[in-house]
Every structure is written in structure tokens, then in C-alpha cells.
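Worksheet: the structure to be examined is printed underneath.
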Amino acid sequence: MKPAGFDYVAPATLDAAVEALAAANGEGKLLAGGQSLLPLLNFRMTRPAVLVDLNGIKELSFIEKRGDHVAIGALTRHRDIEHSPLIASDLPVMSAAMRHVAHLAIRNRGTIGGSLSHADPAAELPMLAMFYDARLAVQGPGGRRTIAAKDFFVDALTNCLEPEDIVAEIEFPILRHDGWAFEEAAKRFGDFALASVALSIRRGASGIEDARVAVMGVADTPLRLGDVEKRLVESGIDGRISDRFAEWVASSVTPNSDLHASGEYRKHLLAGLAKRAMTTALAMKG
């Protein structure tokens, strides 16, 4: 199929892109990697009046360490995040997750800003934004503002952006932890996840001193499991910690059934992934 007709704009700056999007009066769409947008255009599931191409805006593609966090430009390709030594060093859970993102051809073109804005509940980058408690810098006609990841994802395939807003960059805090893991299950490697869990811990003399836990594929948005994090900190490390962690994670979600898997199967699958994740994190030497 072919898309319906539209006007095409290729601005060279972020300000010009915001102006073009605002001028479209809610009838504009942004083109970054195009891995989600182009199929929607071809099936005529979306029919924008104007397509604003961001690919000429060089300022939107970068990976930088800024003190205690890593900043990533919205136009940065998945492949650049996947192969970045800085990401591997300072955001290891993200580094591990990136090889699960779709397939090689898609990672070559897909962008972090596009993935976050698309807000697919079974995509890795939205879950990682929740896991790291990321902050998204968003540019609109009124200037730049910052949105916390927990406020950004509203529902499946729905974010909180206004029609004229553009994600410019994302800041990911660096976790000073000594154990971590990322586990995912899909029907085929590279497909959207049936269930996934991300875990990072910092151990001390009394047990786990700090923890991060997030899951995806089991709700309409990615989830950060704050209650599970609290229980990990309050619980000592013993021979049953991996089993208890699996039980806590599974009991924290109520997945819906769909054509890919039943809710009960997703819940069971998530428990197994959580147990494996904790075993992996604990096996790392601090």
C-alpha cells in the first residue's frame, strides 16, 4: 500500500522543526527513524497533512556523560546506543537490553526519541526510561521543559506530549550498583517481548542497600516496581532470595490476555525471568 498524500518539511534546526509542527495545527507527524511511522502511513492508519523530517538536525544525535548522568539525543540510533562504550560502562542494563531491540535493520535506523514517543508497552527503551528514572527534555513553542519518565507514559501507545512538542534529549542517572541483569522472553529473538524484567542492586554489610526493578510486556505501560524494591532492601540475602524476588515480581502485576499469550502465562513467565535476573545479579562481584 501507499500512504495518503502529505506535505514534507525538512528543517535544519530544532526550533524550525517546532515551528513547522505548530504550523500544522495538530495535523503534523515527526519522521525520525520511521520504523513505526512508515508502516502506519502505508496502511493509512495515520494520515498527516505534514511530515516533519528530523534527520537533518545534527544537534539531536549524541551520547554524553554529564556528571552523574548520561544524556542521549533523541535522534540517536539504537545501534549507536548498543555499541557505545559509555553506555556499557555507566548504563549496563541499557547496554544489555539493546541487543533485544527488534532486529539489526531496525536498530540501524530506529531512534531513542522515536521509541519513547511511540510508547509501546512491549518495547525496551520505554521500560529502561522508567527503570533509570529518566527525564525527557521536550521542546515546544513555549520553550524547553523537562518531563519525568513516570509522567511521560500515559497508556499503551500514548504519551503526554502536546501535538507541537518534540523530544530533544533524555537524561539517564548513573546507578552506582554492583549487580544487575536484564531478562526477556519473546516468541522469536527480536520480536516484541512477552515479558521482561530489569534489575540492579547495591549490596552492603546488611544485605541489599538499594534496588531498581522494572518490568514490561505485562501492562499497558512499562512499570517500575517500587514496592518490590522496598522489600528487597528490607530483606536479607539468603538462599531463597531469588525465589522470593520472583514471587514478589509476579504478584505485582496482572497481565491481560491477548493473541500472543494468556495473562497467567505472562505472569508465570515473568516469575521465571525475575528469578534468573536475581541469580545473575547476585553472582556479580562488587
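The values are calculated or read from the model by the stated rules, or taken from the named source; none is laboratory data. None of these values were measured; they are calculated from a predicted model. Here Cβ is always computed from backbone atoms with ideal geometry, including for glycine, and neighbour counts include all displayed protein chains.
Brief remarks follow.
- Residues in segment 121-180 that are surrounded by fewer than 15 Cβ atoms within 10 Å (Cβ to Cβ) and of a type in the set (G, A, S): G142, G143, A148, A156.
- Number of positions in segment 12-32 that are closer than 18 Å to E162 by Cβ, assigned to a loop (DSSP other than H, G, I, E, B) and not acidic (D, E): 4
- Matching residues, segment 123-145, being among the small types (G, A, S), part of a loop (DSSP other than H, G, I, E, B) and touching a strand residue (DSSP E or B) at 6+ places or on another chain (Cβ under 6 Å): A134
- A185 being among the small types (G, A, S) and either farther than 30 Å from E59 by Cα or within 15 Å of the chain's Cα centre (by Cα) (or both): yes
- Residues of segment 168-178 that are in contact with a Ser or Thr (Cβ under 6 Å, 6 or more places away or on another chain) and either in contact (Cβ under 8 Å) with a residue 40 or more places away in the chain or assigned to a strand (DSSP E or B) (or both): L175 alone.
- From I208, I241, I201, residue being at pLDDT 95 or above, of a type in the set (A, V, I, L, M) and under 20 Å from the mean Cα position of the chain (by Cα): I201
- Selected residue [under 27 Å from R266 (Cα atoms), touching a Ser or Thr at 6+ places or on another chain (Cβ under 6 Å) and of a type outside the set (D, E)] from I106, I87, I112: I112
- The set of residues in segment 248-286 that are more than 22 Å from R188 (Cα to Cα), loosely packed, with under 14 Cβ neighbours inside 10 Å and not small (G, A, S) comprises T254, K285.
- Tabulated pairs, segment 26-45, first in contact (Cβ under 8 Å) with a residue 40 or more places away in the chain, second β-branched (V, I, T) and outside any helix (DSSP H, G or I), C-beta under 6 angstrom, 6+ apart or interchain: G28/V50; G28/V52; L30/V52; A32/T111; G33/T111
- Among the residues of segment 214-230, those that are buried (at least 18 other Cβ atoms within 10 Å of the Cβ) and free of Cβ contacts under 8 Å to residues at least 40 places away in the same chain comprise L225, V228, E229.
- Screening segment 33-87 for residues that are part of a strand (DSSP E or B) and basic (K, R) and picking the one that is surrounded by the fewest Cβ atoms within 10 Å (Cβ to Cβ) gives R66.
- Under the condition of being in a strand (DSSP E or B) and closer than 16 Å to A123 by Cα, the residues counted in segment 146-167 number 5.
- Number of the condition not met by I174 [criteria: (1) closer than 28 Å to I63 by Cβ; (2) of a type in the set (V, I, T); (3) at pLDDT below 95]: (3)
- Meets criteria (small (G, A, S), in contact (Cβ under 8 Å) with a residue 24 or more places away in the chain and assigned to a loop (DSSP other than H, G, I, E, B)) for A102: yes
- Of the residues making up segment 259-271, just one is of a type outside the set (A, V, I, L, M), within 12 Å of E247 (Cα to Cα) and out of contact with any helix residue (DSSP H, G or I) (no Cβ under 7 Å at 6 or more places or on another chain), namely H268.
- Count - residues of segment 181-195 that are assigned to a loop (DSSP other than H, G, I, E, B) and crowded, with 16+ Cβ neighbours inside 10 Å: 4
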